[in-house]
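Taken together, the values in this text are just the output of simple stated rules run on the coordinates, not laboratory data. Remember, predicted model here, so these are calculated numbers, not experimental data. Cβ coordinates were reconstructed from backbone atoms using ideal geometry, including for glycine residues, and neighbour counts include every protein chain displayed.
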Amino acid sequence: MPSNNSSFIIAPLAVGSAVAAVSVFAALIFRRRSRTCSNGPSSNDAVIIGGYQSLIGDTPLLYLPHISSLLPNNVKIYVKMECLNPGGTGKDRAARSMILCAEEKGELPPPYKASMIANKADSKITNISDAPNTAVKDHSNIPDEIHAAIVTALKNTKTHGILIEGTSGSTGISLASLACTRGHGIIVAMPDDQSNQKKEFLEKLGCGVVVVKNCSISNPGHYVNVARRIWEWLNVERRYDEYYWESVMKPAGDEILNGHNNSSPPRLIRAAFMNQFENLANVTSHYTSTGPEIYSQLDGKVDAFIMSAGTGGTLVGVGAYLKERFFENLQQKHRMLSQSPPRIILVDPPGSSLFNKIKFGVAYASQQSERKLRRHRYDTLAEGIGLDRVTANFGLGCEMISWEKKAFAKRIDETSSDQNYEQISNNNASSTLQSKIIDDALSISDQQAVHMAHHLLRHEGLFVGSSSAMNVAGAIIVASQMPERSNIVTVVCDGGQRHTSRFWNRDFVVNEWGLKWPGDNLTDPLEHDILHQLGIKV
């Protein structure tokens, strides 16, 4: 039974969710206005923003005054507010980069307006002779849920391009939002342990959603493997009109079929698998945007960057840029704001193997043993972070880099054709300025993340999701060990609005996961001592 005190916390959460939503909207409006402010005469053109993707990036860096005041040595903690991207997550950056890359390579058609301007001159779409297989296949062997997702994507595409991705949710939301603006359809395969809010949001964006049991990547039923199979199938059966005719028009009835002309040459589907875990457009987006923004916002004085990893793109991309700038300044004998390179530290949830990969070189966690698994995966409440394998994006952070000019950009180019990090050779030139991007790792428990999230809401006014709570908890632990006047940076990935059915649901946290709900025991002063909860003695 819920505690009598639980309403003390639950009621404000509804208000907090609404306030957080308004705050995001207000911040976006402020960013729009601040980008168009000038000292010159005003004009109507000055307030026009170039669409959804023009709002991606340039997110604020927020100082946490209350939490910083608890720490010794005048150490300051900052959070990069990636939740203020238009899609509500930093995944907007990687999504934009991956889609643009796919369009440039021809894996996706040009965006809808561009194809209209080009007068539909894309012969790959209109010429049936390009089809690898002209026979209409029997679609009855496709599972109903996948069939429904394909039909949804076909209904919503204007370019005959379809994005396909396996994601825990946030990347899918960013991809779906951008796909809408560019005229592409989208299909997302996602695990069943994610919040209902993510699935519902994807469906409202016109996304075809396939929900699968969560399992190891070695299982064909893993959401990434399911997404890959959908992509492979669509790339064989590419005839848009014939699939649409058989799957949508005929079942709809005679009133729709009457007058329909199906005699024109069938147009071809172009399906692109985004593959965020192995797609180096992901890490590149953070190396070229998020990293430079953080560096500029603190005038280069960044002593540590701490965050969790899903694909590893943000952690490695930002870390690479910060270290590269440090070593460039060192080589050029510029005035050094720090005497040592910034520390790049992974925060990992229970059950993920990445902690052991950084600490001991082996990607394995004891929770992955068969008898200990809760959901055939990680034993954690956190969503979207932690892995049981090393991806190409994360793998770049584990190898030794010689920090010559633009060394990381060159390394990305060398690695771009590799499909498996374990096959990447470490052939960097010898140099005295060598280091790995990721220096260390620490593990944060689900209970610590829950306490951290509630502390942020009460004392900093931030309503954050599970991964963001783990990030800040990790930043506090690292900050307690840093020299005087250090600047510590982490990331608020998304808001708590997407986590109300799990992470911010008292019954789920207490009854399903057996954790304590902050506020249930109001008589215990240690319940409100976040440093005590994180095991920090000051």
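Fewest Cβ neighbours within 10 Å first, please rank 307, 81 accordingly. Please report the intermediate quantities before stating the final value.
Working: 307 30, 81 21.
The order, fewest Cβ neighbours first, is 81, 307.
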Between the modelled labels at residue 516 and residue 200 (7 Å from Cα along Cα→Cβ) the distance in nm is 3.2 nm
Dipole check, the range 281-345, charges on Cβ (K,R +1; D,E -1), about Cα centroid: among 316, 295, 342 the Cα furthest to the positive pole belongs to 342
Residues whose built amide H sits under 5 Å from the amide H of residue 270, excluding neighbours closer than 5 in sequence, are 161, 162
Rounded to the nearest 0.05, FRET efficiency between residue 329 and residue 359 (Cβ-Cβ, R0 35 Å) equals 0.75
Taking placed amide H atoms and a strict 5 Å upper bound, the residues 5 or more places from residue 441 or on another chain that come that close are 346
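Order these by the 10 Å Cβ neighbour count, fewest first: 164, 67. Spell out each step's value before the answer.
Working: 164 30, 67 22.
Sorted ascending by nearby Cβ count, the order is 67, 164.
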In whole Hz, the Karplus estimates of ³J(HN,Hα) for the range 99-112 (6.51, -1.76, 1.60; θ = phi - 60°; x where Gly or Pro) are 5, 4, 5, 5, 5, 5, 7, x, 6, 10, x, x, x, 3
Summing +1 per Lys or Arg and -1 per Asp or Glu among the other residues with Cβ less than 14 Å from residue 93's Cβ gives -2
Expressed in nanometres to one decimal, the distance between label points 7 Å along Cα→Cβ at residue 532 and residue 299 is 3.9 nm
Non-local residues with an amide H under 5 Å from the amide H of residue 399, with H modelled 1.01 Å from N and Pro and chain starts lacking one, are 437
Output ordering of 473-481, 506-514 (per-residue mean of other Cβ within 10 Å, highest first) is 473-481, 506-514
Going fewest to most other Cβ atoms within 10 Å around each Cβ, 284, 415 line up as 415, 284
So the FRET efficiency between residue 484 and residue 66, C-beta based with R0 = 22 Å and rounded to 0.05, is 0.65
